[in-house]
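K.L.:
Please see the structure below; I have some questions.
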C-alpha cells in the first residue's frame, strides 16, 4: 500500500461515504469525514473520526469546512472524494424550477465550489487526486430520474473538462460510476418524492404507484445490487494507484449499459431502458 494520504470525503453519514471513511482509515489514511447534519458529525467523532459539518447546498458551510480542513491538515490535502449527493424522483414535467435547482445545488454546484477551493492547495503542493462519485445515470438516462440524471450528466461534463485542463499538473481526476448499491439512497429519495411531487395532479399518477413501492422496498430493489464496499474498492485504487483510472465502473449494469450505449442505435437503447 502507498504511504498515508490525507483525504476529504463528503457525505459520510451513511452508505458509500461512510464505508469509504471506515475502510480508508483502516488502511492508515488520514480521513476528514464530513456530514450535513450536526448529529451525524457528532456520531462520526464518537466513532473516532476527524469529522466536520459540510452542507454542499450552503456556500458558507463549504467555505468554513475548507478552512477547518486546512487547519486540521496544515494545508496538506492529498485527495478529495466528492461523494455527497441525493436523488429527486419524478417525471421531468413534474419537476418545478426550484426542485431542479435544489437537486443541482448539492449534486453539482456545491461539489463544484468545494472542488474549486481545493484545487489551489493541490496546485501549490504539486499533486492531488480528485475523485467524483457519479452514477450509471451519469451516462445513461432512465425514466422518472430526470433531476438526478441531469445533475450527474453535468457533473461528468465538468469532471471531464477539468481533467483536460489539469493535464500535466499531477492532479488526477477520476470518475466512479456505480450502478445499484445498498444505501439509504431510496429512503432519502422517497422523502423528497413525498415533499416535492403531487401524484394526484400528474399525468403519471398510475406509474407513480409502482415508483412508490420500489422506493419503499426493503433491501435491494434491483438485480446485481452490491454493497458500498464495491465502490470503496474503486476509491482505494483511485487514491493509491500510481496511475489512477479516468473512469471506474462498479456493478454489472454499469458495464452492460456502457457497452450497449457504444453499440446500439439510440432508438434500440431507448426501447431497452423503457423496460428497465
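The values are calculated or read from the model by the stated rules, or taken from the named source; none is laboratory data. Predicted model, so just to flag it, every value in this text is computed and none were measured. Note that we place each Cβ from the backbone using ideal geometry, even for glycine, and neighbour counts take in every protein chain shown.
K.L.:
Those residues that are part of a helix (DSSP H, G or I) and touching a residue at least 40 places away in the same chain (Cβ under 8 Å), I need them from the range 132-144; list them, please. Break it down stepwise before answering.
P.N.:
Taking the range 132-144 as the starting set, the residues that turn out to be part of a helix (DSSP H, G or I) are 136-138.
Hit for the range 132-144 is 136, nothing else.
K.L.:
Condition first: over 25 Å from residue 121 (Cα atoms) and either modelled with pLDDT under 95 or assigned to a helix (DSSP H, G or I) (or both). Now tell me which residues in the range 24-39 satisfy that.
P.N.:
Once the filter is applied, which keeps residues that are over 25 Å from residue 121 (Cα atoms) and either modelled with pLDDT under 95 or assigned to a helix (DSSP H, G or I) (or both), the range 24-39 yields 26, 38, 39.
K.L.:
Residue check, residue 23 against (1) buried (at least 19 other Cβ atoms within 10 Å of the Cβ); (2) in contact with a helix residue (DSSP H, G or I) (Cβ under 7 Å, 6 or more places away or on another chain); (3) within 19 Å of residue 133 (Cβ to Cβ), all met but one. Which one?
P.N.:
Going through (1) buried (at least 19 other Cβ atoms within 10 Å of the Cβ); (2) in contact with a helix residue (DSSP H, G or I) (Cβ under 7 Å, 6 or more places away or on another chain); (3) within 19 Å of residue 133 (Cβ to Cβ) one by one, residue 23 breaks only (1).
K.L.:
For the condition within 30 Å of residue 203 (Cβ to Cβ), in contact with a helix residue (DSSP H, G or I) (Cβ under 8 Å, 6 or more places away or on another chain) and assigned to a loop (DSSP other than H, G, I, E, B), what is the one hit in 147, 154, 85? Before you say what the answer is, go through the steps one by one.
P.N.:
Numbers: 147 fails: assigned to a loop (DSSP other than H, G, I, E, B); 154 fails: assigned to a loop (DSSP other than H, G, I, E, B).
Going through 147, 154, 85 in turn, the sole match is 85.
K.L.:
I'd like the full set of residues that are in a helix (DSSP H, G or I) and touching a residue at least 60 places away in the same chain (Cβ under 8 Å), limited to the range 49-78. Spell out how you get there, then give the answer.
P.N.:
First, pick out the residues of the range 49-78 that are in a helix (DSSP H, G or I): 59-73.
Correct list: 69, 73.
K.L.:
Residues in the range 13-22: is at least one without any contact (Cβ under 8 Å) to a residue 40 or more places away in the chain and either part of a helix (DSSP H, G or I) or more than 16 Å from residue 232 (Cα to Cα) (or both)?
P.N.:
Checking the range 13-22: at least one residue is without any contact (Cβ under 8 Å) to a residue 40 or more places away in the chain and either part of a helix (DSSP H, G or I) or more than 16 Å from residue 232 (Cα to Cα) (or both).
K.L.:
Working only within the range 122-142, note down all residues that are in contact with a helix residue (DSSP H, G or I) (Cβ under 7 Å, 6 or more places away or on another chain) and farther than 14 Å from residue 246 by Cβ.
P.N.:
Listed by number, the residues that qualify are 128, 133, 135, 136, 137, 140, 141, 142.
K.L.:
Then there is this: Looking at (1) buried (at least 19 other Cβ atoms within 10 Å of the Cβ); (2) within 24 Å of residue 15 (Cβ to Cβ), which is the only condition residue 68 fails?
P.N.:
Result: residue 68 passes all but (1).
K.L.:
All but one of (1) over 24 Å from residue 230 (Cβ atoms); (2) more than 21 Å from the chain's Cα centre (by Cα) hold for residue 66; state the number of the condition that does not hold.
P.N.:
Against the list (1) over 24 Å from residue 230 (Cβ atoms); (2) more than 21 Å from the chain's Cα centre (by Cα), residue 66 comes up short only on (2).
K.L.:
Output the helices (runs of 4 or more DSSP H) that fall wholly within the range 168-276 and possess 2 or more residues being modelled with pLDDT under 90 and within 15 Å of the chain's Cα centre (by Cα), or say none.
P.N.:
The helices (runs of 4 or more DSSP H) meeting that bar are 185-196.
K.L.:
Moving on to the next point. Is one or more of the residues making up the range 3-10 more than 17 Å from the chain's Cα centre (by Cα) and at pLDDT 95 or above?
P.N.:
First, the residues of the range 3-10 that are more than 17 Å from the chain's Cα centre (by Cα): 3-6.
Filter again for at pLDDT 95 or above, leaving 5-6.
Yes: one or more hits.
K.L.:
One residue is enough: does the range 149-157 have a residue meeting the conditions surrounded by fewer than 23 Cβ atoms within 10 Å (Cβ to Cβ) and touching a strand residue (DSSP E or B) at 6+ places or on another chain (Cβ under 7 Å)? Write out each step before concluding.
P.N.:
Within the range 149-157, the first condition is being surrounded by fewer than 23 Cβ atoms within 10 Å (Cβ to Cβ), and the residues that meet it are 149-150, 153-154, 156-157.
From the residues that got through so far, the ones that are touching a strand residue (DSSP E or B) at 6+ places or on another chain (Cβ under 7 Å) too are 156.
Yes, the range 149-157 has at least one match.
K.L.:
If you don't mind, there's one more thing I want to ask. From the list 178, 199, 244, pick out the single residue that is closer than 14 Å to residue 140 by Cβ and in contact with a helix residue (DSSP H, G or I) (Cβ under 6 Å, 6 or more places away or on another chain). Explain how you work it out, then say what you get.
P.N.:
Details: 199 fails: closer than 14 Å to residue 140 by Cβ; 244 fails: closer than 14 Å to residue 140 by Cβ.
From the options 178, 199, 244, the qualifying one is 178.
K.L.:
Tell me whether the range 95-108 contains one or more residues that are touching a strand residue (DSSP E or B) at 6+ places or on another chain (Cβ under 6 Å) and closer than 15 Å to residue 63 by Cα.
P.N.:
no
K.L.:
Determine which member of the set 239, 260 is touching a residue at least 12 places away in the same chain (Cβ under 8 Å) and under 28 Å from residue 170 (Cα atoms).
P.N.:
Result of the check over 239, 260: 239.
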